[in-house]
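The values are calculated or read from the model by the stated rules, or taken from the named source; none is laboratory data. These figures come from a predicted structure and were not determined experimentally. Please note: Cβ atoms are built from the backbone with ideal geometry, for glycine as well, and neighbour counts cover all protein chains shown. With ligands, DNA and RNA removed, areas are computed over all heavy atoms of the protein, side chains included. Shrake-Rupley method; radii C 1.70, N 1.55, O 1.52, S 1.80 Å.
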Amino acid sequence: MNNVRTLLLSLVLLGPFTNITLAQDVFLNKRASWMAKAESYRPKLTVTPKLPIQLVDVVIDSNAFQDVKAVAKSNISEFYKMQFSKPKSVILDFGEHITGTIKFALSTTGPADSPARLKFTYGEIPADLYYSLDTLKPTITRAWIQDEEVYVDVLPNTIRLPRRHSFRYLKIELLYSVGFTFNFSEVSCAAVSSAGLNKFPDTEQMPSLFKEINKASRNTLKECMQTVLEDGPKRDQRIWIGDFRLQALANYYSFKNFDIVKRGFYLFAATVAKSGLLYGTVFEKPIVRPQEHHPIDYCLLYNTSLLDYYEQSHDLETLEDLWELAKKQVEIVAPHVDEKGLIVLAPTWWSFVDWNASLDKQVSMQGLVISTFESTLKIAKLLKKEHELPKLEGLITKMRKGAKENYLDSQVKLFVSGKDHQVSVASQVWMILGGVVTPNEGRLLLKKINSTSSIKPVSPYMYHYYVEALIKCKMYSEARDFIAKYWGGMIKKGADTFWEVYDPENEFLSPYNSFLLNSYCHAWSCTPVYFLKKYEKELNLKTH
């Protein structure tokens, strides 16, 4: 009877996206309990009222990020004195990036005989309010652009807009003349986050740039901490394993909220494919469901995330509960390692690694698979279950040997990837993180790659792993200087949260054919706080 109840509950929770049968579904008997645990760890959202602090204009400035900057125009009190009857626009600056819903109140000096038609445009950065999307053809839907028209049929009135937005700047336009005069008597935002209080304050000795980097890192994470660890509060608004892993690391050295991490683990588990292979993405609404694709690097990073979590929490019970799922990822991927010890991805899988469209990912995936296999082996040893994957240790050794024999170019003394023998930063990084080379050998790779023409990362996601590689090779001064240069570069260009894509040589770079659809508060960019707090002594932040 209990099994019947479990099946029925699983069907209710998961039925809309999969046809479950007893013969096909590897984790049928676990889905309901995993989903129940995910819901038990749902965090509470804290609502904080936020008010605009000033009026600004956005103007062209070739020295500003994307050639646009915000300049102060007047005190916010001037806004509440403004009379509206003819088309007019104003831009409110809330002084910080926030995620939430807008409330506004309109007052009239006489009777209103028609609706007021308003347009609200939300900007994470000034450029969001300056450029038009109309001349571009983005590769994803324009619906992600944060603007909306609002009809106020009855005035005076107080309106709470239903849609949640992610922004610092709010442009309000009266689109058409009306036969009466009105003014705004209130504009506020109910900002939401589940982050809580920062538990790792900066030391007084930390230089100001690193304090600003830490603050922006925490703010980025805070804005993405909703009822799950969202990848971005502006666009996507879902949970991806790759982002999730980096958010969890930053969380351990800031808000230290273990429950929201556990919620993520169990949501991925409850929505796993019937084969047992994880999906890379999970939506919460209108029901919990996966996006049915397999970015195999993300699937395997789930295991690394579990190990990270245990090392911070010492929660052996959760590790035990999810062991079969972690083991299954290895059991599915391991047969795709050929006789040379090289990973050959299945046609139905794909890999991300970085947003650089020119990147050949063969070598990067080799190193990433080795690294995640090693994390799984460590979990197995913690649980005293290494006998359940008896060939894994030997396979890791074989893959390391195969990588060195097949991918290390003796002439250029770097790892090369693909039929064109591409040289990239990502390839060297993942060979280091996969333990294919020693730290001493890794130092030589990283020094050489920086003096060689190569394919560079374009996302803070891949640059996180670059810093990880520097630290693994004990190149602490280089890691510190790179964080100051890359994430500090965003700070110097006005960032108060860190961006999805950042190439210092191309500020308009976008994987969507429109930088207006880029996210300027993105989860995978939040990890400097992890590095700067965990390795504060090694990075020698008190004297630099």
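On the basis of being under 25 Å from Glu148 (Cβ atoms), surrounded by 15 or more Cβ atoms within 10 Å (Cβ to Cβ) and either touching a residue at least 24 places away in the same chain (Cβ under 8 Å) or of a type in the set (A, V, I, L, M) (or both), does Thr99 make the cut?
Answer is yes for this residue.
Yes/no per residue for (1) under 26 Å from His464 (Cβ atoms); (2) modelled with pLDDT under 95; (3) buried (at least 22 other Cβ atoms within 10 Å of the Cβ):
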site: Val288; (1), (2), (3): no, no, no
site: Tyr298; (1), (2), (3): yes, no, yes
site: Leu319; (1), (2), (3): yes, no, no
site: Gln329; (1), (2), (3): yes, no, yes
site: Thr348; (1), (2), (3): no, yes, no
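What's the number of the condition Thr121 fails, among (1) surrounded by fewer than 21 Cβ atoms within 10 Å (Cβ to Cβ); (2) over 27 Å from Leu45 (Cα atoms); (3) in contact with a helix residue (DSSP H, G or I) (Cβ under 7 Å, 6 or more places away or on another chain)?
Going through (1) surrounded by fewer than 21 Cβ atoms within 10 Å (Cβ to Cβ); (2) over 27 Å from Leu45 (Cα atoms); (3) in contact with a helix residue (DSSP H, G or I) (Cβ under 7 Å, 6 or more places away or on another chain) one by one, Thr121 breaks only (2).
Is the range 387-398 home to any residue that is closer than 28 Å to Cys526 by Cβ and free of Cβ contacts under 8 Å to residues at least 24 places away in the same chain?
no
What pairs come up if the first residue lies in the range 337-354 and is of a type in the set (Asp, Glu), the second is outside any loop (DSSP other than H, G, I, E, B), and their beta carbons are under 6 Å apart, counting only those six or more places apart or on different chains?
Asp354/Ala426; Asp354/Met462
Which one is most open to solvent (accessible area, probe 1.4 Å), of the residues in the range 159-173 that are touching an Asp or Glu at 6+ places or on another chain (Cβ under 7 Å) and either within 17 Å of Leu106 (Cβ to Cβ) or not charged (D, E, K, R) (or both)?
By that ranking, first place goes to Tyr169.
Between Asp147, Asp113, Asp93, which is open to solvent by 40 Å² or more (accessible area, probe 1.4 Å) and either modelled with pLDDT of 95 or more or farther than 22 Å from Cys224 by Cβ (or both)?
Asp113
Restricting the search to the range 178-206, which residues are over 23 Å from Gln226 (Cα atoms) and either loosely packed, with under 12 Cβ neighbours inside 10 Å or modelled with pLDDT under 95 (or both)?
Answer for the range 178-206, where residues must be over 23 Å from Gln226 (Cα atoms) and either loosely packed, with under 12 Cβ neighbours inside 10 Å or modelled with pLDDT under 95 (or both): Gly179, Asp202, Thr203, Glu204, Gln205, Met206.
Can you tell me which residue within the range 350-391, out of those that are of a type in the set (D, E, K, R) and assigned to a loop (DSSP other than H, G, I, E, B), is surrounded by the fewest Cβ atoms within 10 Å (Cβ to Cβ)?
Among residues in the range 350-391 that are of a type in the set (D, E, K, R) and assigned to a loop (DSSP other than H, G, I, E, B), the one surrounded by the fewest Cβ atoms within 10 Å (Cβ to Cβ) is Lys384.
When the residues of the range 274-302 are filtered to those that are more than 18 Å from the chain's Cα centre (by Cα) and touching a residue at least 60 places away in the same chain (Cβ under 8 Å), which remaining residue is farthest from Ser371 (Cα to Cα)?
By that ranking, first place goes to Ile287.
Looking at the structure I just gave you, is Ala334 open to solvent by less than 10 Å² (accessible area, probe 1.4 Å) and either under 24 Å from Lys222 (Cα atoms) or in a helix (DSSP H, G or I) (or both)? Full working, then the answer.
Values: open to solvent by less than 10 Å² (accessible area, probe 1.4 Å): no; either under 24 Å from Lys222 (Cα atoms) or in a helix (DSSP H, G or I) (or both): yes.
No: the conditions fail for Ala334.
Within the range 403-420, take every residue that is among the polar types (S, T, N, Q) and within 23 Å of Leu345 (Cβ to Cβ) and give me the one that is least open to solvent (accessible area, probe 1.4 Å).
Per the stated criteria, the residue is Ser417.
Checking Val272 against (1) surrounded by fewer than 24 Cβ atoms within 10 Å (Cβ to Cβ); (2) outside any helix (DSSP H, G or I): exactly one of these is not met. Which one?
Only one criterion in (1) surrounded by fewer than 24 Cβ atoms within 10 Å (Cβ to Cβ); (2) outside any helix (DSSP H, G or I) is unmet by Val272, namely (1).
Only one of (1) hydroxyl-bearing (Ser, Thr, Tyr); (2) within 24 Å of Arg168 (Cα to Cα); (3) not in a loop (DSSP other than H, G, I, E, B) fails for Tyr302. Which number is that?
Every condition holds for Tyr302 apart from (2).
Within the bounds of the range 320-327, is there any residue that is over 16 Å from Lys384 (Cβ atoms), part of a helix (DSSP H, G or I) and of a type in the set (Lys, Arg)?
The answer is no; no qualifying residue exists.
Across the range 126-174, what is the number of residues that are under 19 Å from Ala70 (Cα atoms), of a type in the set (Ser, Thr, Tyr) and in contact with a Phe, Trp or Tyr (Cβ under 9 Å, 6 or more places away or on another chain)?
Going through the range 126-174 one residue at a time, the tally reaches 3.
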